[in-house]
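Readers should treat all values here as calculations from the given coordinates under stated rules, not as data from a laboratory. From a predicted model like this one, the values you see are computed outputs, not experimental measurements. For neighbour counting, all protein chains shown are included, and Cβ atoms are generated from backbone atoms with ideal geometry for every residue, glycine included.
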Amino acid sequence: MSAITFFATTDLERIRDFYVETVGADVWLEQPDCTILKYDNQLLGFCERETADTEGILTFVFHDREGVDEMYEILADRARGEPHENETYGIYQFFADDPEGRAVEFQTFLHPTDEI
């Protein structure tokens with residue numbers, strides 16, 4: 001079974017470009033007013049609407065700190081702070097904003113996890 005998480009957007013082209021060109025997602029499916037993106041095991045749908053859904057957090061998980069640090073270098077101007085360890089959850093992370101203000105987290109686990 002798979003799942004898709006959908007968000008309304010007021011600027012589909014800009015959001016698609018951000019997640020494809022900046023974050024590294026691929027276009028999985030184009031529909032008349034929606035684009036579904038694939039990033040590893042995650043499917044994200046963005047549909048053109050009059051208002052944007054900006055609640056929640058989109059989290060991208062990397063294999064190591066280097067991957068998180070590379071994304072920080074790309075997104076430093078959008079970052080809410082520098083990458084840091086979060087001892088509560090055993091992760092290394094930082095948050096940034098996408099072009100519509102959604103919270104986007106980039107993290108790696110600092111302990112072994114099962115493959116998904």
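P(r) tail for segment 1-50, what percent of Cα pairs lie past 16 Å?
Taking all Cα-Cα pairs of segment 1-50, the fraction more than 16 Å apart is 30 percent.
Sort 97, 33 by Cβ crowding within 10 Å, fewest neighbours at the top. Let's see the in-between values first.
Values: 97 15, 33 11.
Ranking 97, 33 by Cβ neighbours within 10 Å, fewest first, gives 33, 97.
With a 10 Å Cβ neighbour count serving as the proxy for reagent exposure, in which order, fewest first, do 40, 114 appear?
The order, fewest Cβ neighbours first, is 114, 40.
Just want to confirm a number: the relative contact order over segment 1-50, from Cα pairs under 8 angstrom separated by 6+ residues, in percent.
On the way: 81 pairs, mean separation 22.8, N = 50.
It rounds to 46 percent for segment 1-50.
Positive end of the charge dipole of segment 15-116 (Lys, Arg +1 and Asp, Glu -1 on Cβ, about the Cα centre): tell me which of 45, 76, 91 has its Cα farthest that way.
Going by the charge dipole, the pick is 45.
Round to the nearest 10 and give me the degree value, 0 to 90, for the angle of helix 65-75's Cα axis relative to the longest principal axis of the chain.
Helix 65-75 sits at roughly 50 degrees to that axis.
Could you state, as a whole-number percent, how many of the C-alpha pairs of segment 54-116 are farther apart than 13 Å?
In whole percent, the share of Cα-Cα pairs in segment 54-116 beyond 13 Å is 59.
Using a/c under 1.5 as the rounded threshold, could you call the chain rounded, prolate or oblate? The axes a ≥ b ≥ c are square roots of the C-alpha gyration tensor eigenvalues, and prolate needs a/b larger than b/c, oblate otherwise.
prolate
Label 7 Å along Cα→Cβ of residue 6; segment 26-53 residues with amide nitrogen under 12 Å?
Flagged as within label range: 31-36, 45-49.
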